[in-house]
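What follows draws every value from the coordinates through simple rules; no lab data is involved. Quantities reported herein were computed from a predicted structural model and do not represent experimental measurements. Ideal geometry is used to build each Cβ from the backbone, glycine not excepted, and the neighbour counts take in all protein chains shown.
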């Protein structure tokens with residue numbers, strides 16, 4: 001991978017031919033290496049990735065991009081940290097949209113990037129003693145036959161060739177700037193709250209949310225709280241969802 005633009009942004013950029021999990025690799029390296037804010041590990045052959053709810057995520061070599069970014073310059077108020085995966089979602093949404101201008105690109109709360117209603121990228125945040133690791137997996141060259149489910153998509157399946165260096169550098173620039181403003185001014189004053197709601201395809205939709213403890217909520221997503229939680233109107237009562245697996249109801 002030729003990543004000259006990305007290399008100029010990361011501190012440092014570590015490119016691996018293959019890797020079990022870029023998030024796990026980042027955690028391991030934090031014990032013995034000097035890794036700064038926006039250090040990034042990248043591979044196009046991840047063999048043991050982990051998604052939300054501990055789902056495994058594996059793809060054929062060369063068909064998808066896995067990147068983990070270390071965030072060290074964090075908001076002083078830990079209550080603002082819930083916005084970090086949403087900041088990553090906004091940044092990745094914009095990076096993908098820049099290369100797919102003819103398609104609807106948006107964010108499914110809390111951190112899946114959808115193109116025309118199908119998932120092209122998933123994001124997972126992990127808190128460590130050394131900072132927050134943001135892991136992302138983007139379907140790049142995966143063919144329609146290789147897609148794991150009918151609700152997934154890729155650049156290749158959409159007839160596009162992803163510019164990996166541009167995708168990563170756009171993502172890092174967006175993430176860097178959003179996190180810096182979040183740390184300086186908070187989600188509301190920085191505009192992150194507004195920008196996340198603007199890109200969030202879940203809002204205004206009927207959704208089904210499977211909660212971590214097994215409860216299922218069915219209602220209409222109506223907004224994001226000040227802490228980034230999803231507000232779901234369930235029979236006239238608004239419920240705040242801090243984490244959960246969201247499924248959008250089909251539009252008529």
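Structure values in brief
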read-out: Distance in nm between pseudo-label sites at residue 128 and residue 166 (7 Å out along the Cβ direction from Cα); value: 3.2 nm
read-out: Peptides 224-236, 196-208 ordered by average Cβ neighbours within 10 Å, highest first; value: 196-208, 224-236
read-out: Packing rank of 129-136, 31-38, where each peptide gets the mean count of other beta carbons within 10 Å, highest leading; value: 129-136, 31-38
read-out: Label-reachable residues, region 163-180, where backbone N falls under 18 Å from a point 7 Å from residue 194's Cα toward its Cβ; value: 177-180
read-out: Percent of beta bridges antiparallel (DSSP, region 4-198, rounded to nearest 5); value: 85 percent
read-out: Whether region 202-248 is rounded, prolate or oblate, judged on the alpha carbon gyration tensor where a/c under 1.5 counts as rounded; value: rounded
read-out: Gap separating the Cα centres of region 152-190 and region 126-142, nearest whole Å; value: 12 Å
read-out: Whole-angstrom Cα spans of the chain along principal axes, big to small; value: 51, 45, 34
read-out: Estimated 222 nm signal from helices in the chain, with DSSP H stretches of n ≥ 4 weighted -39500 (n - 2.57), rounded to 500; value: -7500 deg cm²/dmol
